[in-house]
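Working notes, structure below.
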Amino acid sequence: MLELFRFHGGVKPASHKQESAAAPIATAPLPELLVVPFRQSATGSAAILVQAGDRVLKGQPIGGAEGPFGATVHAPTSGTVRALEPRMLPHPSGLTAPCAVIEPDGEERWIERVPLDPHTADPEALRARIRDAGIVGLGGAAFPSHVKAKASIDTLIVNGAECEPWITCDDRLMRERAAEVVAGARILGRLMGAKRILFGVEDNKPEAAQALRNTLGEGDSRSCQVVAVPTLYPAGGEKQLIRVLTGIEIPYGKLGPDFGVQCFNVGTAYAVARAVLGGEPLISRIVTLAGNYATPGNHEVLIGTPMAALLPLGGPKPDTDRVVMGGPMMGFPVPDLTVPVVKATNCLLAMSPALFPPPPPEMPCIRCGACTRACPMVLQPHELYWYARSKNFGKAQEYHLFDCIECGCCAFVCPSRIPLVDYYRFAKSEIRAREREKLAADRARERHEFRQFREEREKAEKAAKLAAKAAETKAKLAQEEAAKAAAGENLGAGATVPAAAPPPADDKAALIAAAQARAAARKAAVAPQNTENLTPDQQAQIAAAAARRAQGRETKDSV
Ligand code: SF4
Ligand code: SF4
């Protein structure tokens, strides 16, 4: 028998479970149009993969998971994408976001569904399957499950507490589809190396607990256990259920895996089993119609079904004046009934003045401390209230505003009927808006600084290039000068090339003698010859030459 622990605070509102838990889950009919938001996880939007006019199959990805925290979005049925446009989302602020408007063809033609064997599949392949199936936490947080499944843990807690009044979708799921819930829990447990799996079910759901026990059988009693936890709101809060089942108190700023524990909703475990064993992405969920309906109950609803198309299945009574998504403690009013059912839609609570009388006027805080005693997160709600009200958001954060799970226990017990959670939500949204603005300003400043840096860098690069070119030119000129100088030296060197060696003294004398001989010969040729020793022929030749010379002179003179 597992020892149970108690968490701090908590309240016991009337449960109102029996109204909607009696009937089996019904399947909601195909609406005329489906409006599928691309933002369906707590961590952001998916990338749009289709265009208006595209024909799509049931289960076909139409939004791709972006980044490590992304989750895929799928066409919930076969048909035609009629438009991609911003539509209002089920959110307290009534914000809009890109959606695919799909007109069903009524044929429900599936994509090819490929099962994975969880016993042989690689853990990464299993996590990828969970991501590609678009599975997020179905307890309301809508955090991507493949990210949570990365933890390495000792204890996996499957959350079937469903503590919020009026809501019974998990109860009916456990009763009717226990085998898939258990199969999904086993896949998750194996993936994270869990030594034991604890199914926490509030003790006001004995049929659900029994269905799980029947599925587990005797052989599983050591590693898998179904534990009935006392009905006390909010026992289904993650930290509260961990405390009840393990005794571990998770402090501020820490999470279950820091202590070897991870928590998944029963709906999430069911979706994991469908994705792994059946190859089916998350395209539908169970939604409770409770409150002011003629026939409250649970319906399996395609994601993207407009709430206005779903509500008639429960037959809202004529005095219904508003619809809340979620329960009376943590839910918020639906801004417009055209908004679609999303993965976080667990209940549409119809309200009337008779069933949910308007709260009495807010009175001043009397510092009675009831809120502090009721707070399951061990916060000081009245301090948070003062700081949120005076817009002293820094102080509110010092008092752990973001640890507030908005469970509403403080407001439930407040004798002054102060809508405390509204103040906390206001403060959180203001802080987030300021952080977004700061982030945008920081990014703009970073862009500006980067631009300046780039311009300066380009300037410096340009200057460096010019300097390099100038240096190159200078070097070239210097080289040319050097080459010229070298050439000049060479020329000079030519002049100093050793002249021909002076002829030796004997040669010199010979040369002089030869020159003298030539001069004497010329003189002899010009001067009157001593003809005495000459032969008659020589004398005749000399005389002829003298005559020719004389004739030449005469001719010159006559001219
Ligand atoms: S319960 Fe209400 S009145 Fe009492 S301290 Fe808290 S906020 Fe103030
Ligand atoms: S709403 Fe926040 S402050 Fe109030 S009881 Fe719950 S956790 Fe505490």
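No value in this document is a laboratory result; all are computed from the given coordinates. Predicted model, so just to flag it, every value in this text is computed and none were measured. Methodologically, a virtual Cβ is constructed for each residue, glycine included, from the backbone with ideal geometry; neighbour enumeration extends over all protein chains shown.
Residue ranges 269-280, 378-389, 121-132 sort as 269-280, 378-389, 121-132 when ordered by packing (mean number of other C-beta atoms within 10 Å per residue, highest first).
Look at the Cα gyration tensor of segment 246-366: its axes a ≥ b ≥ c give a/c of at least 1.5 with a/b at or below b/c, and that counts as oblate.
The equivalent ellipsoid that matches the C-alpha gyration tensor of segment 152-289 spans semi-axes of 20, 18, 15 angstrom, in descending order. For segment 364-466, the relative contact order comes to 25 percent (Cα pairs under 8 Å, sequence separation of at least 6).
Could you please state, rounded to a whole Å, how far the C-alpha centre of segment 65-92 is from the C-alpha centre of segment 6-63? Measuring centre to centre over Cα atoms gives 11 Å. Exposure proxy ranking for SER223, SER152, SER41, based on other Cβ atoms within 10 angstrom of each Cβ and starting from the fewest, stands as SER152, SER223, SER41. In this label model, GLU112 and HIS448 are separated by 5.5 nm, measuring between points 7 Å along each Cα→Cβ vector. Each other residue within a Cβ distance under 13 Å of GLU472 adds +1 if Lys or Arg and -1 if Asp or Glu, for a net charge of +3.
How would you classify segment 1-51 from its alpha-carbon gyration tensor, with a ≥ b ≥ c the square roots of the eigenvalues: rounded for a/c under 1.5, else prolate if a/b is greater than b/c, otherwise oblate? Oblate, since a/c reaches 1.5 and b/c is not below a/b. Were the residues from ARG434 through ARG6 laid out at 0.36 nm apart, the gain over their Cα-Cα distance would be 150.3 nm. Working note: 222 nm ellipticity from helices only, DSSP H runs with n ≥ 4, each -39,500 (n - 2.57), summed and divided by the residues of the chain, gives -13000 deg cm²/dmol to the nearest 500. Within segment 364-466, the percentage of alpha carbon pairs spaced more than 21 angstrom apart rounds to 49%. With the convex hull of the Cα atoms taken as the outline of segment 229-291, the averaged projected area works out to 6.6 nm². With an a/c value of 1.5 or above and a/b not larger than b/c for the gyration tensor axes a ≥ b ≥ c computed over the alpha-carbon atoms, segment 305-445 is described as oblate.
Footprinting exposure proxy ranking of LEU89, LEU466, fewest other C-beta atoms within 10 angstrom first, gives LEU466, LEU89. Straight-line reach from LYS391: which lysines have a Cα under 20 Å away, not including same-chain ones fewer than 8 places off? The reachable lysines, counting only those whose Cα sits under 20 Å from LYS391, are LYS428, LYS438. Taking the DSSP bridge list for the chain and keeping only pairs wholly inside it, about 60 percent are antiparallel.
Compactness of the chain is given as radius of gyration and Dmax, 50.7, 179 Å, from Cα positions. The residues HIS146, HIS119, HIS400, when put in order of fewest to most other Cβ atoms within 10 Å, stand as HIS119, HIS400, HIS146. Straight-line cross-link reach from LYS474 at under 23 Å between alpha-carbon atoms covers these lysines, not counting any fewer than eight positions away in the same chain: LYS459, LYS462, LYS465, LYS484. One way to sum up the overall shape of segment 1-108 is the equivalent ellipsoid from its Cα gyration tensor, whose semi-axes run 35, 21, 15 Å, largest first.
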